[in-house]
1. Output the number of residues of segment 362-419 satisfying the condition of being open to solvent by 90 Å² or more (accessible area, probe 1.4 Å) and closer than 24 Å to Val249 by Cβ.
2. Could you look through segment 282-310, keep only residues that are of a type in the set (A, V, I, L, M, F, W, C) and within 16 Å of Val249 (Cα to Cα), and pick out the one that is farthest from ligand 2 (Cβ to nearest atom)?
3. Is it the case that segment 216-229 has a residue that's at pLDDT 85 or above and either under 22 Å from the mean Cα position of the chain (by Cα) or of a type in the set (Gly, Ala, Ser) (or both)?
4. Looking at (1) more than 16 Å from ligand 1 (Cβ to nearest atom); (2) among the hydrophobic types (A, V, I, L, M, F, W, C); (3) closer than 25 Å to Pro325 by Cα, which one does Ile409 not meet, given that it meets all the others?
5. Quick one: count up the residues across segment 325-342 that are under 36 Å from the mean Cα position of the chain (by Cα) and either within 15 Å of ligand 1 (Cβ to nearest atom) or in the same structural domain as Ala215 (by TED's automatic domain parsing) (or both).
6. Report, ordered by the first and then the second residue, all pairs with beta carbons closer than 6 Å, sequence separation of six or more or different chains, a first member in segment 347-375 that is more than 22 Å from Ile277 (Cβ to Cβ), and a second member that is among the polar types (S, T, N, Q) and in a helix (DSSP H, G or I).
7. Among Arg294, Arg388, Arg334, Arg321, which is of a type outside the set (Phe, Trp, Tyr) and free of Cβ contacts under 8 Å to residues at least 40 places away in the same chain?
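The values are calculated or read from the model by the stated rules, or taken from the named source; none is laboratory data. The shown structure was predicted, so the numbers you read here are calculated from the model rather than taken from an experiment. So basically every Cβ, Gly included, is an ideal-geometry build from the backbone, and we count neighbours across all protein chains shown. Areas reflect the complete protein model, heavy atoms only, side chains present, ligands, DNA and RNA absent. Shrake-Rupley method; radii C 1.70, N 1.55, O 1.52, S 1.80 Å.
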Amino acid sequence: MSETFLPELPQELWRAGELELAHGVKQFLQVMRVASAAMGRFLAEIESRGSKDLYGYGSTAAWFADVAGLSRGEAQSVVKRAIALNPTRGLDGSEVPAVAPTTGAVAAEGLIGEHRIDQILDILKRLPADTSAEDREHAEKVLANLARDAGPRQVAKAEEDILGWLDPDGNEPKDPEPKQPRREVTLERRRDGFWKLTGLLDDELGARTAAALEAYAKPRPVDEFGQADLRMKCERQGDAWAELLDLAVACPDQPGTSGYRTLVHVTIGLEELKTGIGKACLDFVGTMTARDARMAACDCLMLPVVMNAAGEPLDVGRLRRFVTPGQRRALNIRDRGCAFPGCHRKPKNCHAHHIHHWADGGPTDLRNLVLLCGFHHRLIHHGDWQVRMAADGLPEFIPPQYLDPLRRIRRNTLHRAPA
Ligand SMILES: [Zn+2]
Ligand SMILES: [Zn+2]
């Protein structure tokens, strides 16, 4: 060994001070460890080329045992360590990466010795079988960097932390990427024409969904006729879901709609559309009542395809049925929310209802439009309430006789301060 490699020994060791002694031990310890790591690189290279080809021995450990005067077992542990810390090559010349490259780098600096190296290798061996390569690499880095300054106890403690972090349940198989969002939604059409919506949401999306549904599923307050909201919770949530869909569809950035508010087509005969009697075809998957189709077509919640009796598409109202963004803004400013008496709903939750349906020749202009929330839109289309435009340009509503025998005209005063 050359002079430059080994630190200098003091001439008279018995005269050395305590600091000098300690320094000497640390220096030579590091030299031994650096040398040990360097020797490991030679052993790994011999292993890569094949001890049989090179020296005629069946294994690198057998050869090293003879060279170093070690037992097979003693030689085996040195060679195993060398192969784990250094990349080797397979028989076909392909590179086999080191099991513990960071540990190898720390060892090459002489900062850890064989005991800590073997401890780290043992811990890596005990990681759960389904640990991903990324997690394994991360664990090895943590251990190797810790071992620079820490003793066996701290490294052992780090193993507990790593196992806890890799496998929090202790026995459940671990997700390779622990925090990936997990969300599944399935929608299938049943034979009876209803759709079944099922899903599995992770905690974050579940909480957001619950909050969004809750916000829209509140029971309606008792109205001025003393009618309470009798919907069950699941029904209120169903209606809330419809409102959330309307909101999403009304968003101008909605993908793939090429400017239309919706991708769903409803095919209906002109007669059926005008009378609301009969059936309509919903995107070729099922039928809906012509009455429902008439309402859905009213504010183009679905895209109506109107057919004549011969089954040819007609151009009915194509140009006049779409409420332009400008008209919608003006309508929002005029009505300030659902115009139905006593309703609190905001404009964003409203449809633009044609008082005189476009299928019957009604124009799409402000004099013929009124903001109605989903619930009241349905009520106007299906119930006996009537809406009309008053002389002052604001909508007014006439209740059915069973609610008010005198059928007194009503307006929604909630959105504006009394004049
Ligand atoms: Zn309508
Ligand atoms: Zn309303």
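1. 1
2. If we take residues in segment 282-310 being of a type in the set (A, V, I, L, M, F, W, C) and within 16 Å of Val249 (Cα to Cα), then Leu303 is farthest from ligand 2 (Cβ to nearest atom).
3. So far as segment 216-229 goes, yes, one or more of its residues are at pLDDT 85 or above and either under 22 Å from the mean Cα position of the chain (by Cα) or of a type in the set (Gly, Ala, Ser) (or both).
4. In the conditions (1) more than 16 Å from ligand 1 (Cβ to nearest atom); (2) among the hydrophobic types (A, V, I, L, M, F, W, C); (3) closer than 25 Å to Pro325 by Cα, Ile409 misses (3) alone.
5. 2
6. Pro347/Asn332; Cys373/Asn349
7. Within the list Arg294, Arg388, Arg334, Arg321, the selection yields Arg388.
Each row is one residue, and each column tells you yes or no for (1) without any contact (Cβ under 8 Å) to a residue 60 or more places away in the chain; (2) touching a Ser or Thr at 6+ places or on another chain (Cβ under 9 Å); (3) part of a loop (DSSP other than H, G, I, E, B).
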{"residue": "Ala98", "(1), (2), (3)": "yes, yes, yes"}
{"residue": "Leu111", "(1), (2), (3)": "no, no, yes"}
{"residue": "Gln119", "(1), (2), (3)": "yes, no, no"}
{"residue": "Lys141", "(1), (2), (3)": "yes, yes, no"}
{"residue": "Lys157", "(1), (2), (3)": "yes, no, no"}
{"residue": "Leu163", "(1), (2), (3)": "yes, no, no"}
